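First the structure, in the form of structure tokens, and then the observations on it.
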Amino acid sequence: MPNPLLRRVGPEAMADWLRTAYRESRALQESKGGDATFYEIGANAPELLEWYIRGFYGSVFYGGRVDVRMKELLRYRLSMTHGCAYCNKGNIEAARRAGLGDDKLAAVMDADSDVFTGPERAVLRLAAEMALTNMDGRLTPALYESLSAHFDDGEIFELGMVAAVLTGMAKFLFVYDLVEREAHCPVGPPPAMEERAAAE
């Protein structure tokens, strides 16, 4: 369970739109093991949450040039690579709603699987290059050729920027201890309560 150092803000002190997002996250918590810590901590700077939820997700992720299905595949591959338990629980459901079948979700770590189409393989390979675990990641000529067979340069730019925001947010969520982690999370386990107490 996340145990951040930053102050939690209760729903009674949140703006209406943020309270709604918080309650939706709490509902996920009760049904599928989600968590509302991100909203409780983010409510300290609601303008940043508004940019993230309405600007990034509203305008770019669920808007933008690239089909949402491709961005959901990209996001799920990244969250599975990064080991964000909170993200994985929500992202798998969002990917299903976007039309990705369980066969593709089960194979998401294998871009060469026969279940994927050419555009999906290219997006999964881009995700592997953008992941936190790949410090040598690069848009190589071969990867660019693979992507450009299905996407124009504006769409490739959007896919890269979406992956960059998601990857940066993953690191932020782990460092600030705002999410539950999978055992394979590359950022490492959150500090133990005893370590925090000793530091104070």
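None of the figures in this text is laboratory data; all of them are computed from the coordinates on show. All values reported here derive from a predicted model rather than from experimental measurement. FYI the Cβ positions are ideal-geometry reconstructions off the backbone, even for glycines, and counts take in every protein chain you see.
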Before rounding to the nearest 500, sum -39500 (n - 2.57) across all DSSP H runs of length at least 4 in the chain and divide by the residue total; then give [θ] at 222 nm in deg cm²/dmol. -17000 deg cm²/dmol
With θ taken as phi - 60° and the coefficients 6.51, -1.76 and 1.60, list the Karplus ³J(HN,Hα) couplings across region 177-188 in order, rounded to whole Hz; mark glycine and proline as x. 6, 9, 9, 6, 10, 6, 4, 8, 4, x, 7, x
Have a look at A13, A98, A107 and tell me which one the Gaussian network model of the chain (Cα, springs below 10 Å) gives the largest fluctuation. A13
Placing +1 on each Lys and Arg Cβ and -1 on each Asp and Glu Cβ in the chain, then taking the dipole about the Cα centre, the residue among Y86, L126, P141 whose Cα reaches farthest towards the positive end is Y86
Taking Cβ-Cβ under 4.7 Å as the only way to count a partner, pick out the unpartnered cysteines of the chain. C185
Nearest 10 degrees, 0 to 90: helix 16-32 Cα axis against the chain principal axis: 80 degrees
May I ask you to derive the relative contact order of region 11-175, considering only C-alpha pairs under 8 Å and at least 6 residues apart, and to give it as an integer percent? 20 percent
5 angstrom amide H check on C84, placed H, neighbours 5+ away: E182
Among 49-61, 132-144, what's the highest-first ranking by average C-beta atoms within 10 angstrom per residue? 49-61, 132-144
